[in-house]
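Worksheet for the structure shown next.
The values are calculated or read from the model by the stated rules, or taken from the named source; none is laboratory data. Everything numeric in this text was worked out from a predicted model, so none of it was measured. Note: ideal-geometry Cβ built from the backbone for every residue, glycine included; neighbour counts use all protein chains shown.
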Amino acid sequence: MTNPLPQKAADTTPEQPWPVRVLSLKISDYVDRMSQLWVEGQVVQFNARGATAFLTLRDPDVDMSLSVSVPMNAVNAMSIPLSQGARVVLQAKPTFWTKRGTLQLEARQIRPVGIGDLLARIEILKRTLAAEGLFDRERKRPIPFLPGRVGLITGRNSAAERDVIENARRRWPAVRFEIREVAVQGASAVTEVVAALRELDADTSVDVIVIARGGGALEELLPFSNEAMVRAVSQARTPVISAIGHEVDQPLLDLVADWRASTPTDAGKRLVPDAAQEMATVTTGRQRMRHALARRVEGERRSLRSLTSRPVMADPVALVRLRRSEIEALRQRADTRIEARLHRAGDQVEHLRRQVTALSPQSTLERGYAVVQHRDGRIVMDREDVGIGELLRVRVARGDFGVRPVAAGSDSQSGTPDEGDPSADGRTSSQGPTAPSPSRNRRKRPAAAAE
């Protein structure tokens, strides 16, 4: 007895898988339970076979499509003939063909999308994108003054391409282009334009991108109001110029682009500056600079002439001579004053020297005074301090000698010098048989006091 198959897809295992027929039947059952619906798209293929027409319905924003079968009587009931590229809405029931494993739609009704409906949908999309800030002026990037390379997205062998290139090279012959020829209408227009835009935006040598197309009906310009294209332009790193149709045509691409050209010819003029005009501007600027420089030089010359005509400039050393005379007079006055002060200072020094000499102990001795000292060097200040026979030292102006006092009334001639007498080493002794007279004693005391 074989094992039963799993009832749910989640219950399948490598040991108990579903056969292809089971999966196909289950998908078919699931699709059959779907209700009828209305769907919108763009017809990219149309083929009538007897009583049934087969077409491919494509999403205009992304590369997705479905096969559709529709009765010819429904096609013939349309208000306008059905053709490739037409926008339609149809009522259909999804079906799944189990033999081929394909999904398709069986249409019951088909209607063309009117211009009014398209404009209403574009207006709704416009408000949505504006609310997101895609059209704000703050996000617009400046167009370079002189681009090194221009990216051009346009139709194959189109008049728009010639208008852009010829007008740009007429103004600036050295301009270079990186051209991408794509479909600018139809089912593949959005996909090809967006791919070319991203390719050029990734090229770092391209400084600006132009999307150009000539005029046409509203249906032909619909790709340039497509949401996918508008968002791709808003995300581009390189500035984008929109040159779609004529002045009256205003697709959403014009609002999101960094600059809108009224026509492809206008875009060619806006891309690059006019070489002749720029040369004329440079020539005019050089002339103005030359004239301004000449006026400046002439003004400086007048100022120099005015300065050199002044007396001080006629004899530049006059002030130097005057200052030199003043400095010389000041130097003479300084020399005179310094010399006078030196003379006065010399006189003062001589006067002080004489005073010091007159007051010195040597001068006192030279006037006849003497200094009497005990043996230990003390000066004799009082007669009572002197003992009889004490050896004293007498200092005079030119030398010294020793003496011994004797008692009053003794003979000054008697007595012999002792061994400590200074007369023993060749000095003259002042001892005598009699005591010194009072006058001599009075003379020695002032000398001792002076010492």
So is LEU222 modelled with pLDDT under 90 and either of a type in the set (A, V, I, L, M) or touching a Lys or Arg at 6+ places or on another chain (Cβ under 6 Å) (or both) or not?
yes
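Please tell me if ARG321 is surrounded by 11 or more Cβ atoms within 10 Å (Cβ to Cβ) and within 58 Å of the chain's Cα centre (by Cα). Spell out how you get there, then give the answer.
Working: surrounded by 11 or more Cβ atoms within 10 Å (Cβ to Cβ): no; within 58 Å of the chain's Cα centre (by Cα): yes.
Taking the combined requirement at face value, the residue does not satisfy it.
The rows are residues; the columns are (1) in contact with a Cys (Cβ under 8 Å, 6 or more places away or on another chain); (2) at pLDDT below 85; (3) among the acidic types (Asp, Glu).
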residue: VAL44; (1), (2), (3): no, yes, no
residue: THR56; (1), (2), (3): no, no, no
residue: ASP61; (1), (2), (3): no, yes, yes
residue: PRO71; (1), (2), (3): no, no, no
residue: ALA74; (1), (2), (3): no, no, no
residue: ALA77; (1), (2), (3): no, yes, no
residue: ILE80; (1), (2), (3): no, yes, no
residue: SER83; (1), (2), (3): no, yes, no
residue: LEU90; (1), (2), (3): no, no, no
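To keep it simple, each residue is scored yes or no on (1) free of Cβ contacts under 8 Å to residues at least 12 places away in the same chain; (2) surrounded by 15 or more Cβ atoms within 10 Å (Cβ to Cβ); (3) over 23 Å from VAL184 (Cα atoms).
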residue	(1), (2), (3)
SER24	no, yes, yes
ALA48	no, no, yes
ALA53	no, yes, yes
PRO60	no, yes, no
SER65	no, yes, no
VAL75	no, yes, yes
VAL88	no, yes, no
LEU103	no, no, yes
Since SER188 meets every condition but one in (1) within 16 Å of ASN226 (Cβ to Cβ); (2) of a type in the set (Gly, Ala, Ser); (3) not assigned by TED's automatic domain parsing to the domain that holds PRO251, which condition does it not meet?
(3)
Being in contact with a strand residue (DSSP E or B) (Cβ under 7 Å, 6 or more places away or on another chain) and under 30 Å from GLU178 (Cβ atoms) is the requirement here; does ALA160 meet it?
yes
SER35 passes all but one of (1) surrounded by 13 or more Cβ atoms within 10 Å (Cβ to Cβ); (2) touching a Lys or Arg at 6+ places or on another chain (Cβ under 9 Å); which number fails?
(1)
Which condition number does GLU138 fail, the rest of (1) assigned to a helix (DSSP H, G or I); (2) over 41 Å from the mean Cα position of the chain (by Cα); (3) surrounded by fewer than 15 Cβ atoms within 10 Å (Cβ to Cβ) being met?
(2)
Would you mind stating whether ARG290 is farther than 15 Å from ILE143 by Cβ, crowded, with 23+ Cβ neighbours inside 10 Å and among the basic types (Lys, Arg)?
no
